[in-house]
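Just so it is clear, none of the values below were taken in a lab; they were calculated from the coordinates. No experiment lies behind these values; they were computed from the predicted model shown. Note: ideal-geometry Cβ built from the backbone for every residue, glycine included; neighbour counts use all protein chains shown.
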């Protein structure tokens, strides 16, 4: 009997302790463990580091090679060696990264630093008051060096700056040049300027479809992944807009966008595919099945499908050429990508100061070259503390060639209020259009939903 | 004397045994209360509030039944509810009927053969749902999937069918996968139940002139009713809570949105929406009510039977 009692007590205590561990008291400095978590403090050079000056947690989305542990470890190790501040990094995926961050915010376990774009840092988490205002990090020199559009996108309408921009790029589309040549559609491409007109695009798709007798491009709409591509395609065809210039209302129900959707729906070479997201589309394009991809940027051009099988080549070795989206006059308004760092306000001033040190080291110092090159995008500023950043890709032909698209950067409307809800409305609307619903009515209904969410 | 002392000793012994019994129960009770009862209560309470991730505190402000009235006019929720019911109405009877049929056919087979069949049907259950779903996703693929390849090869279709991207097919594709992952446990249970049917009753019925159909329906089926009830309730709950397949295959698109997925989407994706936690929890309460009603109906029908 005594043994039974003892066993019962031991079991009960074990379970209660397990429960307590699950519910857990929180250590602000410790994000949830992850296989991919690495610590900048675990470096072979540890003995040479300065005395520990604290630690930081950084959560980063896969922004170029900032999503690769070995690349990030190299630069955070260098930061730790320089400052004595160790950095624990957790790598987020776009598929569930927002869920993790939102859960962490709700559990008051947010990281010190987060790396992403203004649509999340400014419009969402900054707007809700979770991030620290970084205004005091920008002097007049910084403001003159940083790309104006990037600076504007990182600044909230209340004047607070919730993101320190590191890199920018222009999202574009890509074509399979060998397939175009085989179908005789290459005559519609301007390979010098990497642009084409709406008419050229329509003719090229027709020629490709006649040749391959299957869809050659997909308006993917399974979810929000890579939806910048479908938005840019629709907006550019006839000069439509997605939101007002003041970023207070969604305008994708304008006549130009409806005309573009009607045009795309009427083309047998273009499929409205609700089984694909941006990443899936890239894969199918990389396999050579689709002849054009609408979800593309320089990171893809350098390493298509992240397959490490050669820059600018499909799986079959066919040549991939990046292109601006087709526009009536041939001058597209491309979607920008802006990425940088924000600081969560966890109430610990010392950690906030360390986080600012990290941002200064990465975004505005002689080390910015390495931070930018890690991302594989373009610097968001012309110079950093005297270091010229304009020619850092001089040794890379592809990066140099890609810069031809940068002047086409259009409005960064992703900071319009209610962005997350609007994205859901956008791809759901595309699905309905794909299923054959009346285009004008459907577009109007879903744009109204987006604006209602915006107002709410 | 002995008669007088025995009840006293007995009570003390009883008390000690009760205490140790409750202590053994305690670990499970702690988990049950911590992870089932309390979250359930929180869900019910927050469904009456505008709780969201941005305001301080767990419960937000009390809004009465407004979340529920809003649900009644929410087109997306109603479509998700319709899809959920389609999944339940189609999958529950087919899973039960198919499991019963397979079990009837295999339960008399010799040991190793029976085990082989059990393994085959149970394999999708023990295999990770993500792995199973990924394989199905490959097979359904619009561009490279084996289904399109075979159907085109034999000349049944000219153009690829977008199985998971076309609302004409997507929900049925989901139901098919759900079916294959759901039949394993019912088959094992039915095989066991059929093996436990009282042979004397069967022999008596046969002596009385019952044919094989009558033996099955009047004798075996009646004795398997508790198993059937369990299978019905479990399959119904699993079908109502279909989430992983939707998340991994369609993300609620192409007419496959279900209430479970819509709860997740509202709670964790539409975080800008006012009162998103409260609204999602209201959906959870509605779903729980439907599951409870249907399970109660199944219990009642089985009892009458």
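Here are a few things to note about the model shown:
- Relative contact order of the stretch B:39-141, defined on C-alpha pairs under 8 angstrom at six or more residues apart (%): 11 percent
- Kirkwood analysis of the Cα pair distances in the stretch B:259-302 returns a hydrodynamic radius of 11.4 Å.
- Normalised per residue, the volume of the convex hull around the Cα set of the stretch A:374-456 (Å³): 167 Å³
- On the beta carbon distance between residue B:41 and residue B:172, with R0 = 41 Å, the FRET formula returns roughly 0.65.
- In summary, the protein assembly as shown shows an alpha-carbon radius of gyration equal to 1.12 times the 2.2 N^0.38 Å reference for compact globular proteins.
- Beta bridges by DSSP in chain A, antiparallel share as percent, to the nearest 5: 65 percent
- Each 10 Å bin from zero holds the following percent of Cα-Cα pairs in chain B: 5, 19, 23, 23, 17, 9, 3, 1, 0, 0.
- Contour excess over end-to-end distance, with Cα ends at residue A:266 and residue A:403 and 0.36 nm allotted per residue: 46.0 nm
- With the alpha-carbon atoms of the stretch B:157-305 aligned to their principal axes, the span from lowest to highest coordinate is 70, 47, 20 Å, starting with the largest.
- Taking every DSSP bridge with both residues inside the stretch A:42-197, close to 20 percent are antiparallel.
- Spin-label model distance (nm) - residue A:95 vs residue A:182, 7 Å beyond Cα toward Cβ: 3.0 nm
- Extended-chain gain in nm, criterion 0.36 nm per residue less alpha-carbon gap, residue B:61 and residue B:131: 21.0 nm
- Here the sum of -39500 (n - 2.57) over DSSP H runs of 4 or more residues, divided by the residues of the protein assembly as shown, equals -16000 deg cm²/dmol at 222 nm, to the nearest 500.
- Length-normalised contact order for chain B - Cα pairs under 8 Å, 6+ apart - percent: 28 percent
- The stretch A:205-300: Cα Rg divided by the 2.2 N^0.38 Å rule of thumb: 1.11
- Where only alpha carbons of the stretch A:367-411 are counted, the Rg and the Dmax (Å): 10.9, 30
- Pairwise FRET efficiency - residue B:214 versus residue A:108, Cβ, R0 = 41 Å, nearest 0.05: 0.05
- Rg over Rh [alpha-carbon atoms, Kirkwood Rh] for the stretch A:221-272: 0.99
- Equivalent-ellipsoid semi-axes of the stretch A:263-394, from the Cα gyration tensor, Å, largest first: 36, 18, 16
- DSSP bridge analysis restricted to the protein assembly as shown gives an antiparallel fraction near 65%, rounded to the nearest 5.
- In the elastic network of chain B, a GNM with C-alpha springs shorter than 10 Å, the most mobile of B:33, B:106, B:19 is B:19.
- For the pair residue B:303 and residue B:85, label points projected 7 Å from Cα toward Cβ lie 2.5 nm apart.
- Per-residue Cβ neighbour counts within 10 Å put B:213, B:24, A:322 in the sequence B:213, B:24, A:322, beginning with the fewest.
- Additional length obtainable on full extension of the chain from residue B:10 to residue B:123, 0.36 nm per residue less Cα span: 35.7 nm
- Compactness of the stretch B:1-102, expressed as Rg and Dmax over alpha-carbon positions, Å: 25.3, 77
- Packing-based exposure ordering (other Cβ within 10 Å, fewest first) of A:69, A:206: A:69, A:206
- The calculated Kirkwood hydrodynamic radius for chain A is 23.5 Å, given to one decimal from all distinct C-alpha pairs.
- Spin-label model, residue B:159 to residue A:248: label points 7 Å out along the Cα-to-beta-carbon direction sit 4.5 nm apart.
- Once the convex hull of all Cα atoms in the stretch A:184-226 is built, its volume per residue stands at 92 Å³.
- Pairs of Cα atoms farther than 17 Å apart, the stretch A:46-138, %: 56 percent
- Each of B:256, B:200 was scored by other Cβ atoms within 10 Å of its Cβ. Listed from fewest to most, they are B:200, B:256.
- Pairs of Cα atoms farther than 19 Å apart, the stretch B:161-229, %: 53 percent
- Using C-alpha pairs below 8 Å separated by at least 6 residues, the relative contact order for the stretch A:349-438 is 14 percent.
- Two-site FRET efficiency, residue B:29 against residue A:255, from Cβ-Cβ distance with R₀ of 45 Å, rounded to 0.05: 0.10
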